[in-house]
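Peer 1: Have a look at this one.
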Amino acid sequence: MELRGSVAEPARQTRILGEYDVVVLGGGPAGIAASAAAGASGRSTILVERYGFLGGAGTAAGLSNFCGLHANVHGEHRQVVHGIADEIIERLKRIDGINAPHASLGGKIQAQMYDMDAYKLVADELLLACKVKPLFHAIGAGVSMRSEREIDAVLVESKSGRAALRGRIFIDCSGDGDLAHWAGAPYELGDGAGNMLYPSTKFRMANVDPARAAGARELIPKLMEEAEKKGRVFPRRGAIVRPQRHPIEWSANATLIKNPDGSAVSGIDVEQLSYGEIEGRRQCREMFEFFRSEAPGFENAYIVDIAPQIGIRQTRRVTGEYRLSERDILGCASFEDAIGVNGWPVEAHLADRVLIKFAPIPESRGFNQLPYRMIVPRRIDNLLVAGRCASMTHDGHSSARVSGPCFAMGQAAGTAADLSLKAGVAPRALDVRSLQARLEKDGAYLGKDL
Ligand SMILES: Cc1cc2nc3c(=O)[nH]c(=O)nc-3n(C[C@H](O)[C@H](O)[C@H](O)COP(=O)(O)OP(=O)(O)OC[C@H]3O[C@@H](n4cnc5c(N)ncnc54)[C@H](O)[C@@H]3O)c2cc1C
């Protein structure tokens, strides 16, 4: 964002809306799991979310698909993220809101489609069951610090005005590392040369003829290739077009949002975001017209939903005590301080294509462990960072940013907050064995047996 000078704001006293053991910023998979784990441990917990619903990119950016819950373990598909993720899946099953896992990326891995409104409902129910207080329509806007290394309160803006939420431990699940950034924790952006993963705007089509569209997942990328040979230029090469829970509805991941200079639209630049929203919707329309005119079964389809927001894959990655790397992903790394696992391959969204890299199949166990150190940021003592803004290299992030590992990191962060408070130590000084024992007791899989 280009700055054009500054104005002076009057100093002010900000009223305190509440004091909590644990304050979580952001209600995506990481924030849902973090707050549920802290709340279920008996900690007074508040979850601050700028929208009026939970799910993060999984609902607000229209994903409708859990990646990273499964791994290809020596050639066999297996669910490897458990714990709170299981509870969400079970609740979704109860209201008929989730499909059986399906083959993804050429059958090398599985993913699982869900109904997005069902996900919003079960996330509400889960948090209420865990006695978490959700604070919707509140955007985190800054922090007040107790000392250089300790956060005192998160400042939120809402229709009710500005307010402070005091906490003992804070968990940044904003996806963008907002809270860590305000507190002064170090972070990285992009690949070091200014390139971030490219965002996409997703949309859903309704009134698709399920029988005639049956082969569309494979056919549509081929139709796009043929059109490209005749000179057509699409926003990106290839498209992921999939039936939803009810196959008269299909979702499309077919756009790629660049700034006019070709760089990725930044999710932490409000002017670029504004440009990107309009460009994303324009691309949705362009791609929809192509599907409707070329793909059997889509002739009478219409766009039922363009995701409420552009889907941001990558912004800040908050530097922790360890950075998960591509080498760790492809080498199925083990860590003494494992708090969960990730089986998703490297999925890099580049300027013109999506680059996928798997750990060797079937030779490898197909997942890496996630070390506790990646959710413990440097410099700030009462902060944990879970989800896509946790500590990873640019390439490592292309894998461990998806929902499965975000659930695992979130559960570990919420549990670590409880145990740290119990032990009277900062999260970085927590005895990791006690955390591992609690996570396993609570159903999480740490991948120690393979
Ligand atoms: C186009 C696209 C397609 C994808 N496809 C898949 C897929 O099919 N399957 C999959 O598993 N993953 C997919 N991903 C990746 C996945 O969505 C995310 O990486 C994952 O949702 C990250 O979870 P998170 O909890 O860390 O953050 P997010 O899901 O980004 O959630 C962050 C939450 O914090 C809130 N928030 C942020 N800042 C503030 C603030 N200052 N104040 C208040 N609230 C705030 C946001 O509103 C949001 O609800 C995709 C991503 C994109 C962009």
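The values are calculated or read from the model by the stated rules, or taken from the named source; none is laboratory data. These numbers were taken from a predicted model, which means no experiment stands behind them. Quick reminder, even Gly has a Cβ in these numbers, built from the backbone with ideal geometry, and neighbours come from all protein chains shown. Remember, those area values only see protein heavy atoms, side chains included, never the ligands or the DNA or RNA. Shrake-Rupley method; radii C 1.70, N 1.55, O 1.52, S 1.80 Å.
Peer 1: Hey, what's the Cα Rg ratio for segment 96-227 versus the globular rule of thumb, 2.2 N^0.38 Å?
Peer 2: Against the compact-globule rule of thumb, the ratio is 1.53.
Peer 1: For 187, 114, what's the largest-to-smallest order of accessible area, 1.4 Å probe?
Peer 2: 187, 114
Peer 1: Past the 27 angstrom mark, what percentage of all C-alpha to C-alpha distances in segment 296-450 do you count?
Peer 2: When every Cα pair of segment 296-450 is considered, 30 percent fall beyond 27 Å.
Peer 1: Sequence neighbours fewer than 8 away in the same chain don't count; with that in mind, list the aspartates and glutamates whose C-alpha is under 15 Å from residue 441.
Peer 2: Result set, ordered by chain and number: 86, 87, 418.
Peer 1: While we're looking at this one, here's another question. Classify segment 1-50: rounded, prolate or oblate, from the alpha-carbon gyration tensor (a ≥ b ≥ c, eigenvalue square roots; a/c under 1.5 rounded; otherwise prolate if a/b is larger than b/c)?
Peer 2: The shape class here is oblate.
Peer 1: If I take all pairs of Cα atoms in segment 203-278, what percentage of them are more than 16 Å from each other?
Peer 2: 61 percent
Peer 1: Rounded to the nearest 500, what is the chain's calculated 222 nm mean residue ellipticity when only DSSP H runs of at least 4 contribute -39500 (n - 2.57) each, over all residues?
Peer 2: -9000 deg cm²/dmol
Peer 1: So what's the gap between the Cα centers of segment 129-146 and segment 225-301, to the nearest angstrom?
Peer 2: Centre-to-centre distance over Cα atoms comes out at 34 Å.
Peer 1: Follow-up question, since we're still on this one. Taking 22 Å as R0, compute the FRET efficiency from the Cβ-Cβ separation of residue 429 and residue 152 and round it to 0.05.
Peer 2: After rounding, the FRET efficiency stands at 0.65.
Peer 1: Here's something else I'd like to know. Let me check I've understood the local charge: for residue 281, count other residues with C-beta under 12 angstrom from its C-beta, Lys and Arg +1, Asp and Glu -1. What total comes out?
Peer 2: -1
Peer 1: While we're looking at this one, here's another question. For segment 13-164, what proportion of DSSP beta bridges, expressed in % and rounded to the nearest 5, is antiparallel?
Peer 2: For segment 13-164, the DSSP antiparallel bridge percentage is about 70.
Peer 1: How big is the shadow of the Cα convex hull of segment 60-129, averaged over all directions, in nm²?
Peer 2: Result: 5.0 nm².
Peer 1: Using a 10 Å cut-off on Cβ atoms, rank the peptides 277-284, 173-180, 347-354 from the highest mean neighbour count down.
Peer 2: So the peptides 277-284, 173-180, 347-354, ranked by packing, come out 173-180, 277-284, 347-354.
Peer 1: So for each of 409-418, 385-394, 307-316 I average, over its residues, the number of other beta carbons within 10 Å; can you give me the resulting order with the highest mean first?
Peer 2: Ranking the peptides 409-418, 385-394, 307-316 by packing returns 409-418, 385-394, 307-316.
Peer 1: To test your reading of the geometry: what angle, between 0 and 90 degrees and rounded to tens, separates the Cα axis of helix 403-423 from the longest principal axis of the chain?
Peer 2: Taking Cα atoms only, the helix is inclined about 10 degrees.
Peer 1: Counting only DSSP beta bridges with both residues in the chain, tell me the antiparallel percent, nearest 5.
Peer 2: Once the DSSP bridges in the chain are tallied, antiparallel ones form about 70 percent.
Peer 1: Calculate, in nm to one decimal, what residue 8 and residue 263 gain on full extension: separation in residues at 0.36 nm each, minus their alpha carbon distance.
Peer 2: Here the answer is 88.5 nm.
Peer 1: Mind ranking 117, 152, 442 by accessible surface for me, highest first, 1.4 Å probe?
Peer 2: The residues order as 117, 442, 152, largest area first.
Peer 1: Order 48-55, 24-31, 199-206 from most to least packed using the mean count of other Cβ atoms within 10 Å.
Peer 2: By packing density, highest mean first, the sequence is 24-31, 199-206, 48-55.
Peer 1: Cross-link partners among lysines for residue 222, C-alpha distance below 19 Å, same-chain residues fewer than 8 apart left out?
Peer 2: The reachable lysines, counting only those whose Cα sits under 19 Å from residue 222, are 230.
Peer 1: Provide Rg over Rh for the chain; use the alpha carbon set for both Rg and the Kirkwood Rh (inverse mean inverse pair distance).
Peer 2: Rounded to two decimals, Rg over Rh is 0.96.
Peer 1: Here is a follow-up. State the three equivalent ellipsoid semi-axes of segment 17-122, derived from the C-alpha gyration tensor as the square roots of 5 times its eigenvalues, in descending order and whole Å.
Peer 2: Semi-axis lengths for segment 17-122 are 28, 15, 12 Å.
Peer 1: Right, another one. Using alpha carbons only, how many angstrom separate the centre of segment 318-393 from the centre of segment 71-109?
Peer 2: 19 Å
Peer 1: Defining a contact as two alpha carbons under 8 Å apart and six or more residues distant in sequence, what relative contact order in percent does segment 16-129 show?
Peer 2: Worked out over segment 16-129, it gives 26 percent.
Peer 1: Which length gain, in nm to one decimal place, applies between residue 212 and residue 302 when the Cα-Cα distance is subtracted from 0.36 nm times their residue separation?
Peer 2: 30.8 nm
Peer 1: Let me ask another. Give the cross-link partners of residue 120 among the lysines, using a straight C-alpha distance below 21 Å as the criterion and excluding same-chain residues fewer than 8 apart.
Peer 2: Partners found: 93, 131, 133, 202.
Peer 1: How compact is segment 303-344 by the rule of thumb for globular proteins, expressed as Cα Rg over 2.2 N^0.38 Å?
Peer 2: Taking N as the residue count of segment 303-344, the ratio is 1.74.
Peer 1: May I pose another question? Convex hull over the Cα atoms of segment 361-450, averaged projected area in nm²?
Peer 2: Seen from a random direction, the Cα hull of segment 361-450 projects 6.5 nm² on average.
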